[in-house]
Structures are given as structure tokens and as C-alpha cells.
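Take a look at the structure set out below.
Read-outs: derived from the displayed coordinates by stated rules, not from any lab. This structure is a prediction, so every number in the text was calculated from the model and none was measured. A quick note on method: Cβ atoms are made from the backbone with ideal geometry, for glycine too, and the neighbour counts reach across all protein chains shown.
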2 protein chains.
Amino acid sequence: MEAKVKTLDIRAGKPVVILNHRDAAENSIFLGDRICINHRGTKGMAIVDTSKEVPRNHVVLFDETKENLCVKEGETVVVESTIKPDSIEHIKKKIDGDSLNYDETLSIVKDAVDFRLTDSELMAYTVAIEMSEFSLEEAKDLTKAMVETGEQIDVENAVDKHCIGGVPGNRTTPLIVSIIAAAGYKMPKTSSRAITSPAGTADTMEVITDVEHDLEDIKKIVEKTNGCFSWGGSLNLAPADDEFIRVRDSLNLDPLEQLLSSVLAKKKAVGAETVLIDIPMGDGTKVDGDKEATELSKYFEQLGQELDMDVFTLISDGSSPIGKGVGPAPEARDVLKILKSNGKEGPEDLKDKSIKMADLILERVNSKMSAENILTSGDAYEKFKEIVKEQGGGIVDPEDVELAKNRETIVAEEGGRVDDICNKYVNKIAKVAGCSKEKKSGLYLHKKKDDPVEKGDNLITIYSESPKRLERAVSIAKQDKVYTFKSLLSK
Amino acid sequence: MEAKVKTLDIRAGKPVVILNHRDAAENSIFLGDRICINHRGTKGMAIVDTSKEVPRNHVVLFDETKENLCVKEGETVVVESTIKPDSIEHIKKKIDGDSLNYDETLSIVKDAVDFRLTDSELMAYTVAIEMSEFSLEEAKDLTKAMVETGEQIDVENAVDKHCIGGVPGNRTTPLIVSIIAAAGYKMPKTSSRAITSPAGTADTMEVITDVEHDLEDIKKIVEKTNGCFSWGGSLNLAPADDEFIRVRDSLNLDPLEQLLSSVLAKKKAVGAETVLIDIPMGDGTKVDGDKEATELSKYFEQLGQELDMDVFTLISDGSSPIGKGVGPAPEARDVLKILKSNGKEGPEDLKDKSIKMADLILERVNSKMSAENILTSGDAYEKFKEIVKEQGGGIVDPEDVELAKNRETIVAEEGGRVDDICNKYVNKIAKVAGCSKEKKSGLYLHKKKDDPVEKGDNLITIYSESPKRLERAVSIAKQDKVYTFKSLLSK
């Protein structure tokens, strides 16, 4: 069919065009079909949206398609239906309950990355994985396909770590990278920004230094210093993962198999051969009980084996926040305090957990070195400064980390021993205060689990860039029971 | 968050707004989330699209949202996340393999109709139905929910028929309605336009008379004449069905359970108590073998029972076209020929099948009348003219049906007896010729199954509004083997 072009002053991110519903149906083109648009011989593939109302014999183009085809408002293009990609048949095969082989999985992942599949089709694949038998072999294929359809960094004998998340604070990564790199092992660490939490490692490190690198930068930084603190988001490592996450988020679906493949694909793509997975367990984390944690742990190790990676796990206590700061800047302060004092200052639990994890990694690569020695000797801090310098310099003193000017401290209305600090409320307060958008906002927990508290003691200081948001965060902190206490005599 | 409004000169059909991906993430809003937009106290619900690139702190509104909120380009609105509808949890429950009760199913269907669910979410529900146990009880609930969330016509003791499709021609409906209405039974028939076939009953009847009515019109026409020939598309009968069809079409998914619920919901909504389902079987139809046809038949009858409807089936031969014309106007000619000649002219197979089906319905409602008598006596034609008159008049003589002026006839290159006429190629040629968009285009099959053919005999005449499309259709007809022959001696 011929159609007159309407243009929109907006990019779609995907090659989507909008057709009139009746025009499309009369040409046997349906919502989600892939079509070919031909403008004087220049052709482009696009996915059809017919759910919006367009005048008959018109096609609405978003910016990228308009630019690709060098076409202007009012010009005429030819719209033709094309054959659906083979991957559609493979998705249907999975819905029918059959196993897919590597080539079939690769075709789905490739079409996801090349935007040849619609969100609905990706959702169908995700639901099919969730509802059917998904063998270890298929998980391996999915992981490999995700790695292969993206960029890769080839760092030999690299080690890595990953936390499946859910615990406020818990900013172990900068400490572990500094220790491991100081020990002489390569750790090309890429991290995410916060999605639903108050801060991701990339947000925290961005308070300190530049974290946006390309793959060449990362390779250079790691070659020189053994480590890096980079944002993984723009690197195109296993990019299919981003597509899958985007789609399944709307239902909060998290098929275990896709989660594992996602994590290990990002690690495999940076050449990691030894990977420690932190699985925090407890209220408000992603893993509820022992059984689930053990299963997840076993599955991670098995999938690692299939991928020729040494993947091992730590099931950790995630029932309350790790560290005292929550939010990008408060967490950066915690990390710098520990590093600068060579482990003498800063939150004990964050230091202990980081040392424990670094030791597990060192042990796994048969190193005789002790993470604690590397930290207390000052080597970790030196390494940290070296990496930051290589990333273009930045803040290396906790006192230089600025916190938001509007602040208020909540004090204890009763005494006792801290029994529990609620992850959920801590996250909520930090987000209301402005995290992760405002890097200087967040909160500081003066008391940790098992600490004795007297009436009137400081409990939480909240920081916010906005007096209004501070007020809201404070009112939530006063209303919701962040802290619960037990008798001072119990421990 | 506050956002500046960008407007688009386009309707979305659904309340969709586009947000900047980072803005959204920082406010814990994700693709497919439902948000509330507040413009000076006027609030509206919308679904978020973050897959398109919008400048930060902007929100893109389609026409209906812009109008609902009385907001203009450049003004500021407040965007707030809202709670996901409960139906999301019910979809997840179905994905987990559990059964849903009536209220849960109703909430999904209601949210589908009210556009509170995204296409991906509807797809997830469809895949979950396809992959899980879906009991008769659940199918009943789904059907009832679809009926309840749309309009209904209350015609007492109505009868109806439905064909699950796939056979070219096969335009029995106008004949059956005329016979049944002449016999004194009410048949408020609503039909669809073609989606993937060369013509739907609504397309064919539109050649003859107006088929776009509202529910009040239909009620009046049926009260006066016992029958009607109306397009069901704009009537809002079981509208959830349209949403489900739209979504599952992209994967050509057709979960049996959803298909059955769809069909019976549309019938239930017009008050049908006795329904004959035609299940054509054979190459190119939707049902491949005896077993599948019998299962489908049994399931239809059982679901009917659950819904207090008397549903019964006819498993018919769908291996080749029924009638000689294919396409809106050629089929209208076939129908009018049979009616006007009181059954003496026109394609035998179409007449015989229509009489058989009408007899089955009459028998089912304990009538002693004979469909053949009603046709040959001229009562059917009188009734047809009466209904057409009530619908505003139209064509009632086959000679008045115009066919496209560009036409070409394909002749036999060999002799023999017709062994098979390929449904698939017939459909393809008719669509290339211009069906169903061009009502006068299509084809006419001079020879039917078992007819003797001599070299040089006319086989197919193709009609098209466009000389170019005619040429393409002819070349396909010459290339693809529409007809296959066997020895003249065999029968």
C-alpha cells in the first residue's frame, strides 16, 4: 500500500511505525507485524502499531525511521508486509512446551536485540520460560546467546562478584575491587545504577569519580590498575538482558532461569572466570528462606560449570541494612571512611562483609593473601586512589563527600537494644528524600542491630535537597517503625 | 514528578503517555506502569510508555488524554505512579498454574476492556491460558465475563450459527438467516468483516445493503423481520474479545479455550439459546483431523451447556471452496442467484450446505418445517428482500451485482476430472486481486470438485479493480496449481 508520511518530533528507540487500523487490516498487516517501508528505493524494517488512530492512507514515522529513510512529512512511501522472523516460531515452540536448541534460542535473542520482536512477543517468551521446563542446557544456551549478541571485553583470568540485591547500603563492591586488585587479580567491575533501590554501585561511585566508560577505556584502566568502577549500562554487554528486564518488569516476573542467565551473561561478557555471588536472605530481600537460597546457590554453581566459569555463592544475612549510609553520597562516605582509615573507622558490618567476600575470592583463586591485611596495610586505599586517578580523578577523602543541606535527625522515643531495622522502610525514606536522583540525599543510621539505645539518642539523620521532601521523609520515618527494640538485657 | 506537556496530533485509542526513560526510573515508574496525571486538579489514568525517547522532564500526551485533561502544549502536569490493578496479580496467579475464580477472571476482562492492561500483560494472560490447565469452569467464567463487560441484545429464544472459518466462499449465512427467519424463528445475526480471508459475511452483505447498525436498529429489524445481516464490529458485544484477538494475532496464538469463549460470548450477548457451529475440516482449514474436530465439537457442546445454551456442531467438508464466487461481490452473486431462483440456480454445494444447516437448526428447535421447502417455495427470497428493505434497501437481483471491469479467464491446459481445488491458492489469488478491500474484486470458479474438464475449458475468472493487480493474480493462478485433476474415469 502507498501511504502519506506524518512525522512525529520524537524518537521511538525501536523502529515502530503507526498505521491506520483498517488500512493495515485490508493489507493483511496486523499489530506487531513487521513491515518494509520503501521510500524511493531506500528500505527500512519496522514494527507496526495499529492501536493508535491515524487518518486512512497515512503512516506515522518516528524520528529514527524518518532519518533512515530520508523522508519528509507529506511524502509518499510504500508499505509492504514482510515475513515474520523465524524466532516467532521458536517462541511458539517454547509455548508448546518443547525445548529449544542453541540456534533457536540465539535467533530469539538476536531478534530481541535487533528490535525485530515486539514487547508482547518477548513477554510471551518470558512467560513460556517461567511456565515450562527450562533445562540447564537451555539456560546455558540463553546465556551464551546473550553474550554473543553483545560486546565483550577479553580480560584474562578475571574475577568478579555480584549481589542479587535487596539490602539497603551493602556497598561492598568498591572495597572488594580495591582489595582484589591490590592483591594482583584483575576485576573489570561493571555495575548498574539504581532501578528500584535508593542507590546502585554506579550511583555511589559517581559521587566519587566518572563511571561512564567505553570498553576501550575499561580495558586500559584494568590493564593499568587491575580494577575499575564502571557503569555497565551503556556498554552493550549482553544487551538482550535489558530488553528482557524491561518487558518482565511490568508483571514483576522474575523467572529464576532468566535471572541467572542475565547475571552470568554480564560476567561472561567481561571475561570473568571466577565469580562470587552474594545471596542476601531475609525479610525484604529477593530470597525468603533457606531452601530457596540453597536452590538458587546450587543452580548458579551448575550453570557456571556449564559455562566454564567457577561460580560460587555466599548466602548472607540480608535482614537489615549493611553499613550506616543509605543513598549515593552517604554510602560513598562509608566506603571512603573504611578505606582511608585502613579499616579502623567506618561501619564494622560493611567492612567485615567486604573482607569476608574478598577472602572467599582470594581463596578460590588459590591466593595465600589475606583481605584484612591488604585493607589494614593501606594497600587497598592506595589501589582505590590509583583506580580513581586512572578514571580521571575524584574524591578520595570522606570529608569531601557533600551531603544535602536540608537535614533532620530522628531521636529514640524509648530505650532498649536494637532488635531489627526494617529494610523496606529505610528504602522508602531514602527514596522519598530524593534517592537515587539526588546523589546528596539519603540517610544515615546512627544505630545498628544489637546496639544499646537510650531515650533521646540519635537514630536516623535524613538528608534531602528539598525542604519539602525532607519534611515528607521525616514524617514517614516518625510514623513507620524503622527500628524495633528488645530489652537491653537480651543480646 | 512535574513534567512539561508535549502534544501529538494523533489519537492513541488507549490512554498512553510517553515519559523519558530516566525520569520514569528515578520516580520508580516503569514501562507499562499505570500513572495518574494531574492537571490543576483534573486527573486521568494512563499507561506509561518509556520505550520512546522524550526530553527529560517532559511528558508526551496523545489527543484523548490532552482533551480529557484540558491541557495544552507547554503546560505543566503532575505525574504520579498509581497502584497496579489487582488483575495483574490474577494474571500472575494464572502463570503460576493456579485456577482463577469468576471474580478474578472478571477483573482481568474488565481491565482489558477499560485499557488498564498493556498488550504485554494481555499476551501474558493468553500464553498462561494456552500453557496451563484451563477448566470448563474457567472457560465458562471467561465467557460470562466477556458478555458482562459489553453490550447485550435481549432477543428471546434466538437461534444463531457460527463457522470457525478457513474455507473460501462458504457464504451460507445469508441463506440460512433467510430460511430460519421465514420459518418464524428469530436470528439476530451479527457477522465479522474479513481479517485474513478474502471476505467476511459482513463484507459480502455490504455489497447488497447497509450492514452498520446500532443495537437499537438491530432489535427493531429483528422484531419486524425475525432476522438481520449486521456487522458485529462496532456493536461492543463482548468487546474484550477484540482486545484478546488483537494481541494474540501477532503470534498466531489461538488457545482453543479463548476461541470457544470468544465465539460463545458473542452469541450469548445477542441472546442466542440455540447455536449451530460449523467446523469445516480439511487442508487449509483450522482443524486438521477427525480427532481434533471431534474434540472441538465436544468442547463447544460442553461449554454451551455450562452457559445454558444449546450448542451443537456440524463437522463439514472444508477441503475445497464452497460455492463458485470468492470475494465480496462474487459471493453476493452466488447467494442472490440461489435465492432469486428459489434454489434452481447457483452453486449446488452452497445451496445444499445451507439447507442442511438450516434443517439442523429447525430440527433442534423442534420445528417440523423443511428448509428446502422454504427455499423452493420462494419464502426464503421474500424474507431476504424483507430484511434488506428493513435495512434500508439494496440489491436483490444477482444481475445487479457489479464485478470489477478488469477480468481474465484461465483455461485448462489438460483434461480430466477435478480432484482438488486448493483453498490456500484460491485465497491468495483473491487477496492479490484486491479482496476484501475492493468489494468488486475476487474470482469465480467455473469448475468444482468431480466436474469433468476438457483442455481449453474455463477454470477461473479473476476480477480486479486494478490492471496491475489483475496481472499479478493471473500470474499466480497460472503458476500455482489451484486445480489438480484425476483420470476422467475415476469418480
Average beta-carbon neighbours from other chains, 10 Å sphere, peptide B:125-136: 4
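How many percent of Cα pairs in region B:87-133 exceed 17 Å? Walk me through the numbers on the way to the answer.
Working: 228 of 1081 pairs.
So the pairs more than 17 Å apart make up 21 percent of the total in region B:87-133.
In debye, nearest 20: dipole of the protein assembly as shown around its Cα centre with unit charges on the Cβ of K, R (+) and D, E (-)?
On the way: 138 positive and 178 negative charges, 356 e Å.
So the dipole magnitude of the protein assembly as shown works out to roughly 1720 debye.
Work the Kirkwood hydrodynamic radius out for region B:99-167: mean of 1/r over every pair of different alpha-carbon atoms, inverted, in Å.
13.9 Å
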Inter-copy spacing of B:S135 label points, which lie 7 Å from Cα along Cα→Cβ, given in nm from shortest upward: 3.4
Cβ-based exposure ranking for B:R11, B:R40, in which fewest neighbours within 10 Å come first: B:R40, B:R11
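Please compute the average number of Cβ atoms from other chains found within 10 Å of each residue's Cβ in peptide A:44-52.
On the way: counts 0, 0, 0, 1, 1, 3, 2, 10, 9.
Other-chain Cβ atoms within 10 Å of each residue's Cβ, averaged: 3.
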Long pairs among B:K337/B:K431; A:K189/A:K344; A:K186/A:K224, criterion Cα-Cα beyond 18 Å: B:K337/B:K431; A:K189/A:K344
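Taking region A:16-115, which GluC sites (Glu not before Pro) meet the DSSP loop condition and have no more than 16 other C-beta atoms within 10 Å?
Sparse-neighbourhood loop GluC sites (Glu not before Pro): A:E73, A:E75.
What's the exposure ranking of A:F384, A:F30, going from fewest to most Cβ atoms within 10 Å?
A:F30, A:F384
Over the residues of region B:214-265, compute the C-alpha Rg and express it relative to 2.2 N^0.38 Å. Walk me through the intermediate numbers first.
Details: Rg = 14.1 Å, N = 52, 2.2 N^0.38 = 9.9 Å.
Its radius of gyration relative to the 2.2 N^0.38 Å reference: 1.43.
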Alpha-carbon gyration tensor eigenvalues x 5, square-rooted, for the protein assembly as shown, Å: 65, 29, 26
Cα-Cα pairs of region B:34-150 separated by more than 16 Å (percent): 66 percent
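When the convex hull of the Cα atoms of region B:406-486 is projected onto a plane and the area is averaged over all directions, what value comes out in nm²? Mind showing how you got there, number by number?
Values: hull surface 18.1 nm².
Across all orientations, region B:406-486 yields a mean hull projection of 4.5 nm².
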Theoretical gain in end-to-end length, B:Q152 to B:V411 [0.36 nm per residue, Cα-Cα removed]: 88.2 nm
Under the Debye formula (equal points on every Cα, no solvent term), log10 I(q)/I(0) of chain B at q = 0.07, 0.12 Å⁻¹: -0.45, -1.10
Residues of region B:445-465 with amide N under 18 Å of a point placed 7 Å along Cα→Cβ from B:L488: B:447-459
21 Å Cα-Cα threshold exceeded, pairs from B:K353/B:K448; B:K267/B:K424; B:K424/B:K447; B:K110/B:K219; B:K220/B:K389; B:K291/B:K351: B:K267/B:K424; B:K110/B:K219; B:K291/B:K351
Trypsin sites (Lys or Arg not before Pro) restricted to region A:288-360 and DSSP loop, no more than 13 other C-beta within 10 Å: A:K344
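Where the eigenvalues come from the Cα gyration tensor of region B:223-379, what are the semi-axes √(5λ) of the equivalent ellipsoid, largest first, in whole Å? Mind dumping the intermediate values first?
Details: eigenvalues 149, 78, 64 Å².
In descending order, the three semi-axes are 27, 20, 18 Å.
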For region B:101-176 and region B:15-57, distance of Cα centres in Å: 31 Å
Long-range tail of P(r) for region A:136-254 (Cα pairs > 22 Å, %): 39 percent
Region B:303-429: relative contact order in percent, alpha carbon pairs under 8 Å with at least 6 residues between: 31 percent
Value at 222 nm in deg cm²/dmol, rounded to 500, when DSSP H runs of n ≥ 4 in the protein assembly as shown each add -39,500 (n - 2.57): -12500 deg cm²/dmol
Ratio of the Cα radius of gyration of region B:248-329 to 2.2 N^0.38 Å, where N counts its residues: 1.19
Label 7 Å beyond Cα on the Cβ vector: A:T196 copy-to-copy distances, nm: 3.7
Spacing of the two label points (7 Å from each Cα toward its C-beta) at B:D214 and A:K291, in nm: 5.9 nm
Relative contact order %, chain A, counting alpha carbon pairs below 8 Å whose residues are six or more apart: 14 percent
Radius ratio Rg over Rh of region A:2-81, counting only Cα atoms, Kirkwood formula for Rh: 0.90
Spatial separation of Cα centroids for region B:185-208 and region B:304-375, in angstrom: 14 Å
Residue-averaged beta-carbon neighbours from other chains (10 angstrom radius) around A:248-256: 5
Label spacing, shortest first and in nm, from A:R11 to its equivalents in the remaining copies (7 angstrom along Cα→Cβ): 3.1
